[in-house]
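The values are calculated or read from the model by the stated rules, or taken from the named source; none is laboratory data. Nothing here was measured: the structure is a model prediction, and the numbers come from that model. Note: ideal-geometry Cβ built from the backbone for every residue, glycine included; neighbour counts use all protein chains shown.
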């Protein structure tokens, strides 16, 4: 099979971008293993010769491969969930701080002196009532966020399937390249 230098350049570019078909890769391999190549393609020839020699090697698969892959996936998923929890916690904390600052500003900025309470017990009772109201609204708002954990639980099995599907595809491609 005689290929022009321009065709080889185009196919090599596609190959290194990962966009060649299996037929194009086979053509490149035949060219580099069977033909005399130009000096500019010597590195590529070495690459294809190394790939060809690796195909003939018998690579042992560890017995605990599946369990180690699943353990790594669980570790990655655990770190992702922790990040989501931190973001939710940070958002709720910022909202609570903002609510506290706004309510403090409203109480301090009132110029109506007639609403001031001179008895400390009454002032304490009213302050406590206001803070309980703020706490109630805050707790109602955060209780609605509990649904996020249900979403994560529903999505978790799907992410395992996606990871296993990718692993199966790469193993099947590896198996095809060995034959």
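What's the number of the only condition in (1) without any contact (Cβ under 8 Å) to a residue 24 or more places away in the chain; (2) closer than 25 Å to residue 172 by Cα that residue 12 fails to meet?
Failed condition: (1).
Looking at 30, 45 in this structure, which one is surrounded by 13 or more Cβ atoms within 10 Å (Cβ to Cβ) and touching a helix residue (DSSP H, G or I) at 6+ places or on another chain (Cβ under 9 Å)? Before the answer, list the steps.
On the way: 30 fails: touching a helix residue (DSSP H, G or I) at 6+ places or on another chain (Cβ under 9 Å).
After ruling out the rest, the residue left standing is 45.
Check 81, 55 and return the single one that is surrounded by 10 or more Cβ atoms within 10 Å (Cβ to Cβ), in contact with a helix residue (DSSP H, G or I) (Cβ under 9 Å, 6 or more places away or on another chain), under 30 Å from residue 33 (Cα atoms) and at pLDDT below 80.
Only one candidate qualifies: 55.
Confirm whether residue 105 is in contact with a helix residue (DSSP H, G or I) (Cβ under 7 Å, 6 or more places away or on another chain), surrounded by 10 or more Cβ atoms within 10 Å (Cβ to Cβ), part of a helix (DSSP H, G or I) and free of Cβ contacts under 8 Å to residues at least 40 places away in the same chain. Working first, answer last.
Values: in contact with a helix residue (DSSP H, G or I) (Cβ under 7 Å, 6 or more places away or on another chain): no; surrounded by 10 or more Cβ atoms within 10 Å (Cβ to Cβ): yes; part of a helix (DSSP H, G or I): yes; free of Cβ contacts under 8 Å to residues at least 40 places away in the same chain: yes.
In short, no.
Pairs please, first residue from the range 18-38 and assigned by TED's automatic domain parsing to the domain that holds residue 51, second anywhere and in a helix (DSSP H, G or I) and surrounded by fewer than 13 Cβ atoms within 10 Å (Cβ to Cβ), Cβ atoms under 7 Å, 6+ apart in sequence or on different chains.
Taking only residues 6 or more apart or on different chains, the pairs are 29/52; 33/52; 38/5.
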